[in-house]
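> Can you keep this structure in mind? I'll have questions shortly.
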Amino acid sequence: MRAAIVVIGGGIQGLSVAYNLAALGERDVIVLDAGYFQGGASGRNGTLIRGGFMSNEWTGLFALANQRWIELSRRLGRNVMFSARGYLLLAEKPATAANFDAALATHRAHSVRSHRATQADLAKLAPALDRSRVLDAIYFRDGGVAPHHAAMDAYHRACTAAGVRIRYGSPVTQILTRGARVVGVVGDGDGDGDGFEIEADAVVLAAGAYGNAVAKLAGVELPGFPMRIEAMVLEPTRAVVRPAIAFIDSLCYMAQTARGEIVGGAEVPEQPTESLACDLPVMTATARVYRDMLPCLAKLRILRHWAGMLHATPDFGPLIGAHPSFANLWVTGGWSYGFACAPAAGELLAKAILKGVLDPRIVPFALDRFAQNRPVREGGIVLAARV
Amino acid sequence: MYLSGEVDLDPHCERSLEPLGGNRLNADVVVVGGGPAGRRAANESATAGLRVILISRSTVPGSFATQFGVPLRPLDARVTLLPSHAAAGVYREGHVVLAAPIAPTLPATLIVTNRLILATGRRSCPPLVPGHDLPGVVDAHAALQLAAQIGASLGPTVVLGTGGQTLVAQILAQSGATVIATGQIASLTRVNGRNRVQSVEFDGRRVDCRTLVHVGPWITDPSLGFQASAAGVLRLARAAATPAHMDVVGSAAEGDESPQVGELQALRGTAVCPCMDVTVGELLSHIEAGETHIEVLKRATSCGMGPCQGFPCWELMRAVVQRASGGKAGYDRPSHRPPRRGITVEQAAGLDGFLEVE
Ligand SMILES: Cc1cc2nc3c(=O)[nH]c(=O)nc-3n(C[C@H](O)[C@H](O)[C@H](O)COP(=O)(O)OP(=O)(O)OC[C@H]3O[C@@H](n4cnc5c(N)ncnc54)[C@H](O)[C@@H]3O)c2cc1C
């Protein structure tokens, strides 16, 4: 078999690249995924979306992504159920609040609609919040949530309609190389016996937490390691918190879904683990932040709690671009906010692959930035790891 | 059916000044379930000089067996009993057990243990026939409890099962219930009624009644065993063997009887998961389009994502998938996730810091 482009990984990143390749005219694309549809982080995340961060680099990329989410249902021809319910970024510590002025200026420079939320604003936006603990707040009016099942379904159908072939249960086990180029992939039929070998002009590595393991199939490495992240959901209640909220200092995020459940999670600095089994400390830490910051949630019951796997890089920033060792091995990985950013990352990477144009918004996230000692410093994310 | 509005909240409420707190216990053995098998296991471990904690949902452990007239041996005085608690989840291969009090106002308990013994018994699976989700259809456990409290108010009652129906009918009658017929659950074809049960059709006849009690098919709740033994990174799936430090005893170890499922095409409008409004027809529409992966079907339909968190709904879903795919689809379940509505945010917060992070 052959295809112009093979995409390894059918999470939201892989599907977004595939969709954008097809939209730019390259329909000879095969997406191969080792697991099942929505089985990776793309079917296990908090679904929060915002356009602004603290750094210029993150804000540049996510500003585009947020803009794309607003029009995504129309582009894909199917409702992604994006709900621009707003997004609050909260500081509880002076050191965090001290960065908010600069952050607001960065947002303005990228046309992200954000403003400082005063105590009076907070009383209106999120009456459930214990405001006495909030030192400062930034509000993104275009931020919000999109249920991952709706977004994934829309991408999947749009890809299929454009002629992209998508196969789950099809792990890639070898990447074939010749000199400084990759020339194809070999894989398993995952038990049903249909192994495959596909020649390709280019390969896109979009394997989420397994990015490093897949890169090794081509004999190369990616910076970073697999990391477990957990989230939980509370029983449905009437609408009590409209915007999505990130508590930067409590390392916690949450949002209420359209059907009334509260979804979110706290980060507990744990050793990097490769496991989808959830652990108790994340649930108790999330519950403590809810009880302290959103007291009305205290009496709600916890429906379930689960884990997903990410690929954490040394600066927690994504890896986007060609691999330094192979000009036609493209990577979109290292994502910790890869759900929100998928529409932008897929679009810009597809342009790079087909037109050879590297958009300035992806350049800072080049794979060799650590080797070049140019990590991207971002202080507005909710992540913690003991490394 | 079960969506926002289920729980009403006042967003303006204040933080409680007295945090609830929590408990942490250490044990050599945790036994879940206070029936005959659980008591036997707990007593044996206590006799062997081990620190044993027994978790039981009832105030008096073994209430179901008692209702059945099964004599219960007394619990060894050295066994620490946590009555009116449910094991809401197990973590770290079963070495950490979350014991949640039934009362949301009491603190929860976290137990670190060497061994885990599941004596959680079996439960009767609702029959997948039209009308099975009408109020008035109850399982044997609930019926016996209800009868002990309200007896005659159950109204004319039909008891159907896989063998235990005669015994259950007798006990119900002793509690004052009016049992008008008994029979095999496999002969049940439909339950009729508008807002509650008005009649049932079984054995080729139709009987007017107000309550239908199902006594089997008996199935085990797979959730705790799954959580203790599941592994994997592409998908959590039950590991081939249960860990050496875990045992399943009593009727929970006896395996499952097959769920009672009628002719699928006639069931299109029947709910598999009443809380999330998932019908057999919805599942079939995905299966007919070629999708039989149980995790994908769960995400596509939200089956089992309401208050029961998959037990018993997923047992019915997998039976439908199995039948509709002609046996080709694997007979597996979606991942069972703790704590299954067993604990409140306040109770969970009370346990924060009690367990070292790994
Ligand atoms: C609990 C949690 C909460 C989160 N909250 C948010 C949030 O609120 N907002 C946000 O933007 N992001 C959030 N994220 C992060 C976000 O989910 C991820 O960054 C994003 O889904 C990554 O998409 P992906 O396509 O790169 O990875 P995935 O969705 O993980 O897809 C990778 C795919 O690669 C496949 N694969 C692996 N190995 C192979 C192989 N050898 N051959 C073929 N296929 C292979 C896997 O089967 C998998 O399907 C959260 C993540 C978690 C776990």
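The values are calculated or read from the model by the stated rules, or taken from the named source; none is laboratory data. Keep in mind it's a predicted model, so treat the numbers as computed, not measured. So basically every Cβ, Gly included, is an ideal-geometry build from the backbone, and we count neighbours across all protein chains shown. With ligands, DNA and RNA removed, areas are computed over all heavy atoms of the protein, side chains included. Shrake-Rupley method; radii C 1.70, N 1.55, O 1.52, S 1.80 Å.
> Filter region A:204-236 down to residues that are away from the ligand (no atom under 14 Å from the Cβ) and away from every other protein chain (no Cβ under 14 Å), then give me how many there are.
4
> Let me ask you something else. Just checking, which of A:R68, A:R44, A:R2, A:R78 is in contact (Cβ under 8 Å) with a residue 60 or more places away in the chain and near the ligand (Cβ under 8 Å from one of its atoms)?
None of the others qualify; the one that does is A:R44.
> Sticking with this one: Of a type in the set (G, A, S), over 29 Å from B:S229 (Cα atoms) and in contact with a Ser or Thr (Cβ under 7 Å, 6 or more places away or on another chain) - does that describe any residue in region B:121-128?
Within region B:121-128 (the criterion being of a type in the set (G, A, S), over 29 Å from B:S229 (Cα atoms) and in contact with a Ser or Thr (Cβ under 7 Å, 6 or more places away or on another chain)), the answer is no, since none of the residues qualifies.
> Of the conditions (1) more than 14 Å from the ligand (Cβ to nearest atom); (2) crowded, with 22+ Cβ neighbours inside 10 Å; (3) not in a loop (DSSP other than H, G, I, E, B), A:L129 clears all except one; give me its number.
All conditions pass for A:L129, except number (3).
> Now for a separate question. If you go through region B:260-272 one residue at a time, do you hit one that is open to solvent by less than 30 Å² (accessible area, probe 1.4 Å) and in a helix (DSSP H, G or I)?
Yes: one or more hits.
> Assess whether A:L310 counts as being within 14 Å of the ligand (Cβ to nearest atom) and more than 7 Å from chain B (Cβ to nearest Cβ).
yes
> Output the number of residues of region A:42-60 satisfying the condition of being of a type in the set (K, R) and open to solvent by 10 Å² or more (accessible area, probe 1.4 Å).
The total comes to 1.
> So how many residues does region A:267-286 have that are without any contact (Cβ under 8 Å) to a residue 40 or more places away in the chain and among the aliphatic types (A, V, I, L, M)?
The qualifying residues number 3.
> Looking at region A:15-41, which of the residues that are within 14 Å of chain B (Cβ to nearest Cβ) and open to solvent by less than 20 Å² (accessible area, probe 1.4 Å) is nearest to the ligand (Cβ to nearest atom)?
Selected residue: A:G35.
> Being outside any loop (DSSP other than H, G, I, E, B), more than 23 Å from B:G342 (Cβ to Cβ) and open to solvent by 10 Å² or more (accessible area, probe 1.4 Å) is the filter here; which residues of region A:245-269 pass it?
Listed by number, the list holds a single entry, A:Y253.
> Please specify each residue of region B:250-286 satisfying the condition of being of a type in the set (V, I, T) and modelled with pLDDT of 95 or more.
Of everything in region B:250-286, those that are of a type in the set (V, I, T) and modelled with pLDDT of 95 or more turn out to be B:T270, B:V272, B:V278, B:T279, B:V280.
> Going by what's in this entry, would B:T220 be described as more than 18 Å from the chain's Cα centre (by Cα) and of a type in the set (S, T, Y)?
So B:T220 does not fit the description; no.
> Now a separate question. Being closer than 23 Å to A:V382 by Cα and open to solvent by less than 10 Å² (accessible area, probe 1.4 Å) is the filter here, so list the residues in region A:1-14 that pass it.
Matches in region A:1-14: A:I12 only.
> Can you say whether B:D28 is charged (D, E, K, R) and closer than 23 Å to B:Q347 by Cβ, as far as the supplied structure shows?
Taking the combined requirement at face value, the residue does not satisfy it.
> From the list A:A266, A:A285, A:A246, A:A239, which residue is among the aliphatic types (A, V, I, L, M), touching a strand residue (DSSP E or B) at 6+ places or on another chain (Cβ under 6 Å) and more than 13 Å from the ligand (Cβ to nearest atom)?
A:A285
> In region A:170-191, which residues are within 12 Å of the ligand (Cβ to nearest atom) and either in contact with a helix residue (DSSP H, G or I) (Cβ under 7 Å, 6 or more places away or on another chain) or open to solvent by 50 Å² or more (accessible area, probe 1.4 Å) (or both)?
Across region A:170-191, the qualifying residues are A:V172, A:T173, A:Q174, A:D188, A:D190.
> Considering region A:145-177 alone, what residues qualify as being more than 14 Å from chain B (Cβ to nearest Cβ) and either assigned to a loop (DSSP other than H, G, I, E, B) or on the phi > 0 side of the Ramachandran plot (or both)?
If the condition is that a residue be more than 14 Å from chain B (Cβ to nearest Cβ) and either assigned to a loop (DSSP other than H, G, I, E, B) or on the phi > 0 side of the Ramachandran plot (or both), then A:A146, A:A162, A:G163, A:V164 are the ones that fit.
> Go through (1) more than 12 Å from chain A (Cβ to nearest Cβ); (2) free of Cβ contacts under 8 Å to residues at least 60 places away in the same chain one by one and return the number of the condition B:A319 breaks.
(2)
> Here's something else I'd like to know. Which is open to solvent by less than 10 Å² (accessible area, probe 1.4 Å), assigned to a loop (DSSP other than H, G, I, E, B) and either under 20 Å from A:Y155 (Cβ atoms) or within 13 Å of the ligand (Cβ to nearest atom) (or both), of A:G346, A:G317?
After ruling out the rest, the residue left standing is A:G317.
> Can you spot a residue in region A:270-293 that is out of contact with any Lys or Arg (no Cβ under 8 Å at 6 or more places or on another chain), β-branched (V, I, T), within 24 Å of B:S335 (Cα to Cα) and open to solvent by 20 Å² or more (accessible area, probe 1.4 Å)?
no
> Determine if region A:87-94 includes at least one residue that is within 14 Å of chain B (Cβ to nearest Cβ), farther than 24 Å from A:F37 by Cα, in contact (Cβ under 8 Å) with a residue 60 or more places away in the chain and surrounded by fewer than 17 Cβ atoms within 10 Å (Cβ to Cβ).
No - not one qualifying residue is present in region A:87-94.
> Hey, can you tell me all the residues within region B:320-352 that are open to solvent by less than 10 Å² (accessible area, probe 1.4 Å) and either touching a His at 6+ places or on another chain (Cβ under 7 Å) or closer than 19 Å to B:P127 by Cα (or both)?
Matches in region B:320-352: B:V320, B:V321, B:P338, B:P339.
> Name the single residue that is farthest from B:V357 (Cα to Cα) among those in region A:237-274 being more than 8 Å from chain B (Cβ to nearest Cβ) and among the polar types (S, T, N, Q).
The qualifying residue farthest from B:V357 (Cα to Cα) is A:T257.
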